[in-house]
Amino acid sequence: RPVTAMFHGPNDQIIADFSGSLCPDGNLTISLNDYNGIENGGNYHVIWLVFFNSTSRSCQLEAAYTQSITEQFTNAGLATIGVGNGWREIVECKNWKQSYGVKYPIIDDSQSDIRNMFTRGTVPHHVLINHEMEVIYTARGYIMPPFGNDFLAVLNSALSELTTLSLDEIIVPDKPGIQKCYPNPFNPAVTINFALQDEEFTQISVYNILGEKVDNLAAATLTPGFHDLRWNATEFPTGVYFIQLVTPSYQQTRKIMYLQ
């Protein structure tokens, strides 16, 4: 994964790609480039960075609302990443997510200091990055009603661009198959990015180390292009699994690892 890509920030500021440890498990990482459509074969997103401090009452009050916005727009291409600081102990991140109803991934920023790449002000602070990896919104303060009208306007505009991308702007896959499984290792969910060159019946299944099928992720006729599927392994034991993609013209298997 490239870690030296540079993205345009506010006022022509250049912001480097970043990666950080997912909390509460520091063995897993997430990168801005995970959502870069240019790197992921045309799988474009609008990225929302939610900067917060775990002890801030303002951030605590806003957490559930950020989750509701995430759930509303995920299928439209929104990818939300929390960037948090102020943890008093490692397990506090997991407890914070449970206490305030947050399910999107959170980076432990106590060591990475990603926040200072975007702002040196107070939190909550919100950043939107469009599908061209350009910062299109950055502001501190509440986005909960009656605030946040500007934030929602920019978000809706950026998401609408995803649906109107011309075929010339979308990278046509050179070959079918699984492009990427990320994060890998993962806990508790992994995203499978795969490409199809033709409209055809597609099956995607999960197998354990014994070769037993444990889950079905897809069994349908899908359109050509790039697709994402998300597998949540919460109900399964940790260990090695295999993602298998099967079409009438192609078959591929990719190994993934579930850590806890």
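The values are calculated or read from the model by the stated rules, or taken from the named source; none is laboratory data. None of these values were measured; they are calculated from a predicted model. So basically every Cβ, Gly included, is an ideal-geometry build from the backbone, and we count neighbours across all protein chains shown.
Overview of values
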item: Which numbered condition Y207 fails, given (1) buried (at least 16 other Cβ atoms within 10 Å of the Cβ); (2) modelled with pLDDT of 90 or more; (3) under 24 Å from P105 (Cα atoms); result: (3)
item: Filter result for F118 (buried (at least 19 other Cβ atoms within 10 Å of the Cβ), assigned by TED's automatic domain parsing to the domain that holds P224 and either more than 21 Å from N75 (Cβ to Cβ) or in contact (Cβ under 8 Å) with a residue 40 or more places away in the chain (or both)); result: no
item: Members of the range 66-121 that are within 19 Å of T138 (Cα to Cα), charged (D, E, K, R) and not in a helix (DSSP H, G or I); result: D113, R120
item: Test set (1) modelled with pLDDT under 90; (2) over 19 Å from the mean Cα position of the chain (by Cα); (3) part of a loop (DSSP other than H, G, I, E, B) - E132 fails condition number; result: (2)
item: Residue within the range 88-101 that is under 22 Å from G148 (Cβ atoms), assigned by TED's automatic domain parsing to the domain that holds V154 and without any contact (Cβ under 8 Å) to a residue 40 or more places away in the chain present; result: yes
item: Residue that is at pLDDT below 80 and either out of contact with any Pro (no Cβ under 9 Å at 6 or more places or on another chain) or assigned by TED's automatic domain parsing to the domain that holds W87 (or both), where the choices are Q67, Q13; result: Q13
item: Looking only at the range 157-187, and only at residues there that are part of a helix (DSSP H, G or I) and exposed (fewer than 13 other Cβ atoms within 10 Å of the Cβ), the one that is modelled with the lowest pLDDT; result: T163
